[in-house]
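The structure appears below as structure tokens.
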Amino acid sequence: MTADTVARPGNLPAEPNSFVGRERDLGDLALLLSNVRTLTLCGPGGIGKTRLAVRLGRDLADDFPDGVWLVELADNSDPGLTVNRIATVLGLRAEPDRPASATVIDALAARELLLILDTCEHVVTAVAELVRDLIAGCPRIRIVTTSREPLRVRGETVWRVPPLSLPVPEYAPAALQAIDEPDLVGGENAEYEAVRLFVDRAAAVRPGFELTARNRAAVVQLCRTLDGVPLAIELAAARVRTLSTEQIAARIDDRFHLLAIGDRTAPPRQQTLEAAVDWSFDLLTSDEQVLLRRLSIFVGWNLEMAEEVCSDDRIPKHRVLDLLAGLIDKSLVVLDEELGGAARYRLLDTIRAYAVLRLMVAGEDDEFGRRHMLHMVALAEGVVAKAFVRGAPPWPERVAMYHRIAIEQSNFRAALAFCQSTSEAEHGLRLCSALRSPWIVQGDVAEGVGWFTRFLEMNVAAPAAVRARALMFAAELSFEQQDYGRAAKTALTAVDMRYEPVCRAGALHILALVSLRAGAFEQALQYADAAVSAAREYRDDWEEGLALAARAAILARSGRLASAQSAYEYALEVLADNNGWGVAHALYGFGSLARTRRDDAGAQQHFRNALELFRQIDARTEIARCLAGIGWVALAKLDLDTAATSLSESLELSMVTGQRLGIARGLEAMAALAVVRGDDEAAARLEGAAGVIRDAVGPVRSATAQARLDRLLAASHQRLGPARVTTLVAEGRLLDVREAVSYALRSAHEPAPPPEPAAISGHTERQGEPAGTASLARAADGTRAAGPARTATTARASNNGAVPSVLTAREQQIAALIARGLSNRGIADELVISPATAARHVANILSKLGLSSRAQIAAWTAANGAGH
């Protein structure tokens with residue numbers, strides 16, 4: 001694959017048809033955006049703001065290494081969720097006790113990207129506040145917004161999107177009718193953007209259509225009457241299928257004359273667009289009009305949805321397809337992408353807003369809003385009923401279900417908003433409960449917690465079973481948000497309701513995990529056992545499997561590895577032939593357990609198997625965890641390339657999703673990598689940077705894992721000396737999150753600096769070959785300067801993960817002393833042997849392990865626990 005064909009990051013949609021005109025506008029905007037940070041494209045509906053912004057982003061994609069990202073806000077009815085919508089598009093996950101805007105700013109602070117915020121007028125205040133903060137905190141991003149009014153923030157440049165270019169006034173229809181020069185047919189008239197657009201769209205619906213001497217007068221009249229507004233021109237061009245251009249021009253002229261006596265205070269182009277849409281609507285058959293206004297309840301749909309929700313005695317289900325096809329032909333409905341073999345449709349925003357008003361005038365908004373809501377509840381609950389049970393459907397079909405739910409998020413939001421506006425607590429809670437897994441997988445945890453809170457606090461009665469289930473899932477979302485206090489409180493409330501065993505099972509499972517986070521292992525086991533019993537009482541394999549996996553994790557963290565192994569095996573047996581998401585969690589647990597036992601091959605395999613499943617549903621937080629596990633195992637095997645690649649990707653994902661705990665763990669892993677590479681200074685700085693985050697989120701790592709990390713860092717501290725360590729750790733604590741992550745990623749892939757003379761005194765590295773660089777790379781590759789052809793990894797594997805028997809007990813003692821930073825003289829004094837004897841032992845250790853420096857021995861000892 002060449003550099004020119006490498007896919008760039010971003011989410012710009014494919015253009016639905018040819019882009020006509022705007023060459024000068026695009027050139028001016030590109031130049032303008034190179035000099036300003038915030039650019040707002042203003043204008044009335046239908047003027048082409050969104051299309052122009054997307055095309056600008058596409059043209060400038062090469063200028064933004066971190067991509068061009070489009071955030072559509074048209075269906076965001078709650079200003080408070082604006083930041084969450086942006087975070088979701090960017091793949092960020094909100095954090096407890098921290099504004100979502102802070103997460104977004106941290107994630108974008110070091111990135112160079114173009115952010116397009118589309119259709120901002122209904123949430124303009126929320127967007128303005130966020131844009132102000134983003135510009136202040138993210139110096140390398142550019143922002144383009146589209147809105148019917150300016151944001152009015154400092155530094156904003158407002159670009160009034162003009163209509164498409166039109167023939168000059170002297171080319172009035174009467175004058176054109178008298179002109180018969182052929183050069184004007186394909187000449188100067190065709191150069192005007194409005195005319196070009198009409199001809200292009202007309203040719204799309206009537207192949208062979210072109211601008212001729214016979215039709216040019218009517219075409220120019222139409223374009224001028226429509227004031228060069230793209231949407232109006234496209235609607236007019238769609239009628240070429242059934243009317244001549246002269247008929248279209250005559251009808252639209254009459255319509256505008258009638259509307260001219262309307263609201264004189266409205267902008268002229270807004271009047272023109274309203275007239276164009278009114279005219280197009282009036283040309284529909286009565287049944288097409290009915291279907292169009294009913295379709296406005298959707299934010300994108302497929303045929304089945306339209307048939308189920310919009311049909312009745314007036315429009316039978318079997319007629320929906322033909323009517324829908326007619327609306328597509330007339331450019332009122334857009335044919336969108338396919339999903340799972342089914343075509344998707346949508347209304348342009350302006351058309352949808354117009355149709356919503358028509359629905360309200362017809363008095364059908366409540367009826368069809370309710371039908372839409374009930375359909376979305378049934379869809380979500382239907383997926384849950386199939387996705388979390390053993391047996392059929394197979395996993396690929398369940399993956400498709402995840403993607404189906406993901407693409408309907410805007411419809412789910414509309415349904416939730418309807419429930420809120422009509423105080424439908426029961427259906428609101430049912431829909432929230434059905435969406436709990438997608439919210440977790442897709443990173444919309446904060447949004448889910450918000451909706452659960454609204455309906456749980458609503459002063460409207462809901463069935464006890466619905467409320468208990470909602471409390472259980474709300475607790476789970478709070479736990480995923482790392483708000484452990486709220487998670488425990490909500491889970492206890494669900495348990496106290498004592499309504500359904502499955503609700504108790506899920507809530508007890510969350511209480512077990514909260515106790516595990518707090519280090520209360522016995523209490524966690526009691527909760528886990530109770531969760532297993534409740535799940536079995538209800539015969540829910542899914543909840544039983546999750547509870548068993550939680551029990552296994554608790555046993556592993558408390559050091560009962562054999563029992564943990566059995567518990568994980570049982571959990572996997574229960575979860576097998578069920579949802580791959582749960583299976584992946586069990587596999588990750590196997591990987592963690594294997595890593596604790598130093599079974600590197602087993603750990604790698606389990607982590608990679610889990611990673612494959614998580615990637616299929618784009619579960620980013622879990623992907624980061626698997627990559628971290630792979631990186632740690634590679635580090636223990638001295639496979640530095642794999643370690644650097646996996647740990648870097650894991651840290652980048654944690655940064656993108658805004659997970660502070662993941663970032664802290666990632667920085668610590670990078671510090672460990674730096675130690676093994678011989679870059680002790682980078683290790684100390686990263687230790688300091690991670691410590692700042694740890695102070696905020698608290699300790700979560702197991703005692704065993706923390707001891708390994710401490711031993712590794714202690715070896716680095718010994719080489720640096722106390723004073724230097726203090727200075728470097730302090731420097732790391734001064735780095736903000738984005739600086740620390742950038743430093744970690746850079747240090748992982750740059751050659752390690754040679755150690756200072758003081759750092760290597762008393763060591764036995766070869767002259768000119770610093771610890772942890774070329775020599776360590778050779779060890780990872782299995783090549784050595786001397787000694788038997790047996791690496792440290794081979795020795796460890798031959799002893800089934802225990803401390804390698806290839807080293808004698810005395811050599812293990814000496815390896816531990818080397819890890820503490822002792823010289824040969826220090827080892828001799830500690831063990832009451834001669835320095836020469838100590839030197840011979842050191843040489844034997846280097847030879848047996850296939851290493852070439854004392855720093856490598858220290859890293860190997862810390863990773864494998866020898867001498868401890």
Report summary line: Expressed to one decimal in nm², the mean projection of the alpha carbon convex hull of the range 298-361 is 4.6
Query raised in the report: Label points 7 Å out from Cα along the Cβ direction at Ser566 and Glu367: separation in nm?
Result: 6.4
Query raised in the report: Looking at the square roots a ≥ b ≥ c of the eigenvalues of the Cα gyration tensor of the range 327-482, which shape do they give, rounded for a/c under 1.5, prolate if a/b is larger than b/c, or oblate?
Result: oblate
Query raised in the report: How would you rank 18-29, 664-675, 227-238, 37-48, highest first, on the average number of other Cβ atoms within 10 Å across their residues?
Result: 664-675, 227-238, 37-48, 18-29
Requested in this report: For the range 9-104, divide the Cα radius of gyration by the Kirkwood radius and give the resulting Rg/Rh value with two decimals.
Outcome: 1.00
Requested in this report: Kindly provide the helix-only [θ] at 222 nm of the chain, computed as the sum of -39,500 (n - 2.57) over DSSP H runs of four or more divided by all residues, to the nearest 500 deg cm²/dmol?
Outcome: -20000 deg cm²/dmol
Query raised in the report: Is the range 620-753 best put as rounded, prolate or oblate by its Cα gyration tensor, with a ≥ b ≥ c the root eigenvalues, rounded for a/c under 1.5, and otherwise prolate when a/b is larger than b/c, oblate when not?
Result: rounded
Report summary line: The farthest towards the positive end of the charge dipole of the chain, of the residues His318, Leu134, Gln812, given +1 on Cβ of Lys and Arg and -1 on Cβ of Asp and Glu, is Gln812
**Report entry** the chain: relative contact order in percent, alpha carbon pairs under 8 Å with at least 6 residues between
**Finding:** 8
Query raised in the report: Distance from the Cα centre of the range 51-90 to that of the range 295-312, in angstrom?
Result: 27
Query - Extended-chain gain in nm, criterion 0.36 nm per residue less alpha-carbon gap, Glu381 and Ala343 - result: 11.4 nm
Requested in this report: Could you tell me the largest-minus-smallest coordinate of the C-alpha atoms of the range 372-615 on each of the three principal axes, in descending order and whole angstroms?
Outcome: 57, 37, 29
Query raised in the report: Where Lys and Arg each count +1 and Asp and Glu each count -1, what net charge lies around Phe418 among other residues with Cβ under 15 Å from its Cβ?
Result: -3
Query raised in the report: Between the range 383-405 and the range 833-850, what's the alpha-carbon centroid distance in Å?
Result: 59
Query - Among 202-209, 854-861, 551-558, the order from most to least packed when residues are scored by Cβ within 10 Å on average - result: 854-861, 551-558, 202-209
**Report entry** Charge dipole of the chain about the Cα centre (unit charges at C-beta), most positive-ward option of Val697, Val384, Val219
**Finding:** Val697
Report summary line: Over the Cα atoms of the range 78-135 the radius of gyration and the largest Cα-Cα distance (Dmax), both in Å, equal 10.9, 30
Query - Summed residue charge, Cβ within 12 Å of Ala353's Cβ, Lys/Arg positive, Asp/Glu negative - result: 0
Query raised in the report: Rounded to the nearest 0.05, what FRET efficiency is calculated for Glu210 and Ile407 with R0 set to 56 Å and r the Cβ-Cβ distance?
Result: 0.90
Report summary line: Burial-style ranking of 102-108, 514-520, average other-beta-carbon count within 10 Å with highest first, yields 102-108, 514-520
Query - Cα→Cβ-extended label distance, 7 Å offset, between Asn35 and Thr157, nm - result: 0.6
Query raised in the report: Where in the chain are the DSSP H helices whose alpha-carbon span along the long axis reaches 30 Å or more and whose Kyte-Doolittle mean is at least 1.0?
Result: none
Query - FRET efficiency for Arg746 and Arg597, using Cβ-Cβ distance with R0 set to 41 Å, rounded to 0.05 - result: 0.75
Query raised in the report: Which three semi-axes in whole Å describe the equivalent ellipsoid of the chain, each the square root of 5 times a Cα gyration tensor eigenvalue, listed largest first?
Result: 61, 34, 22
Query raised in the report: So how much slack lies between Ser18 and Ile833, counting 0.36 nm per residue of separation and subtracting their Cα-Cα distance, in nm?
Result: 285.0 nm
Query raised in the report: So for the chain: antiparallel DSSP bridges make up what percent, rounded to the nearest 5?
Result: 25
Report summary line: If the label point sits 7 Å along Cα→Cβ of Asp97, residues of the range 506-521 with amide N under 19 Å come out as 511, 513-520
Requested in this report: Could you check the simple spin-label distance between Glu129 and Glu457, using points 7 Å along Cα→Cβ, in nm with one decimal?
Outcome: 1.6
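None of the figures in this text is laboratory data; all of them are computed from the coordinates on show. Just so we're clear, the structure is a prediction, and the values are computed from it rather than from any experiment. Here the Cβ is made from the backbone with ideal geometry for all residues, glycine too, and neighbour counts use every protein chain on show.
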